[in-house]
Amino acid sequence: MVLSRGQKRFFDDFGYLALPGLMRDEVAWIVEEFENVFEKAGIVHDGTSRTSLGCFIERSERLCALLDNARVDGLLSGLLGADYNYLGSGGEMYVGDSLWHPDCHGDPVVQVKWAMYLDPLSRDSGALRLVPGSHRQGWQGNLDTRALWDIGMEEVPCVVPDNQPGDVIVFNQMTLHNALGGGNRRRMLNILACSACRTETEQAFLMRRLPASREELHWDIMRGTATAGRMRHLEQPWSLLS
């Protein structure tokens with residue numbers, strides 16, 4: 001896909017993009033692989049608390065190929081540049097409410113989260129909530145909305161796109177977000193990426209953002225099956241580690 005100028009401006013100004021139906025025709029196999037990865041890892045979600053698994057798409061040759069998908073790569077390239085860096089991925093099964101928070105703050109390059117929720121969700125059943133423009137405000141950590149503004153978490157002004165499997169939301173990781181309500185097995189697949197790191201300050205950030213060694217990346221499948229296009233997004237992180 002190719003982002004329009006308006007979409008790029010919208011992301012820059014408001015810190016997110018919602019793309020209904022972007023991956024609708026890929027949902028069946030993505031859900032199957034999502035469940036297989038958790039099963040092979042020996043993880044059973046009992047519904048009492050959130051279940052998370054990192055290095056997620058790295059565990060499946062087919063999921064690794066998402067980085068070759070024209071809609072995934074085109075979206076990330078459109079927001080971050082054609083030489084963006086792949087940073088990792090996660091599989092989540094959410095339970096209950098969370099707190100308003102950004103995923104990062106104050107970093108010298110743009111970091112995004114590509115999020116695909118695998119279940120139908122609405123405002124009242126755990127759909128992702130985002131505060132437009134909050135990526136420009138420097139928020140840190142989990143927010144106490146009662147102490148800050150004397151309101152409950154559900155009263156924070158926000159957008160809450162309804163979700164159907166196959167919809168994608170990509171957001172700047174400094175954007176405030178949250179989810180409230182819903183069931184005890186809300187599934188989400190995410191991909192993390194950042195723009196290329198060119199200055200010494202940016203490369204120092206990338207070193208902090210990466211694990212201590214190449215082994216901890218768990219990129220054997222990711223690199224072993226990589227196309228030339230995918231390898232472009234792996235080169236800089238790989239080159240900085242030993």
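Laboratory data are not the source of any read-out in this text; all were calculated from the coordinates shown. Predicted model, so just to flag it, every value in this text is computed and none were measured. We place every Cβ from the backbone using ideal geometry, glycine too, and count neighbours over all the protein chains shown.
Assorted remarks:
- Distant-in-sequence amide H partners of residue 119 (H built 1.01 Å from N, under 5 Å): 187
- For region 46-90, the list of trypsin sites (Lys or Arg not before Pro) that fall in a loop by DSSP and count at most 16 other C-beta atoms within 10 angstrom reads 50.
- With the simple model of a label 7 Å out from the Cα in the direction of the Cβ, residue 1 to residue 49 spans 3.6 nm.
- Kirkwood hydrodynamic radius of region 1-138, from inverse mean 1/r over distinct Cα pairs, in Å: 16.8 Å
- From phi via Karplus (6.51, -1.76, 1.60), per-residue ³J(HN,Hα) for region 160-171 in Hz, x at Gly/Pro: 9, x, 4, 10, 10, x, x, 6, 10, 10, 10, 9
- For peptides 12-24, 30-42, sequence by mean Cβ density within 10 Å, most packed first: 12-24, 30-42
- Computed from backbone phi, the HN-Hα couplings of region 137-152 come to 9, x, 5, 9, x, 7, 9, 9, 5, 5, 6, 6, 10, 6, 9, x Hz, rounded to whole numbers (Karplus: 6.51 cos²θ - 1.76 cosθ + 1.60, θ = phi - 60°; Gly and Pro given as x).
- On full extension, the segment bounded by residue 159 and residue 124 gains 11.3 nm, given 0.36 nm per residue less the C-alpha separation.
- Relative contact order of the chain, defined on C-alpha pairs under 8 angstrom at six or more residues apart (%): 31 percent
- Were the residues from residue 142 through residue 10 laid out at 0.36 nm apart, the gain over their Cα-Cα distance would be 45.0 nm.
- Separation of the residue 29 and residue 68 label points, Cα + 7 Å toward Cβ, nm: 1.0 nm
- In this calculation the C-beta distance from residue 99 to residue 198 is compared with R0 = 22 Å, giving a FRET efficiency of 0.05.
- In the chain, the DSSP-assigned H stretches of four residues or longer account for a calculated mean residue ellipticity at 222 nm of -7500 deg cm²/dmol, using -39500 (n - 2.57) per stretch and the full residue count as denominator.
- Within region 5-240, percent of DSSP bridges classed antiparallel, to nearest 5: 95 percent
- The stretch between residue 82 and residue 39 holds 12.1 nm of extra length on full extension. This uses 0.36 nm per residue minus the Cα-Cα distance.
- The rule of thumb for compact globular proteins, 2.2 N^0.38 Å, goes into the C-alpha radius of gyration of the chain 0.99 times.
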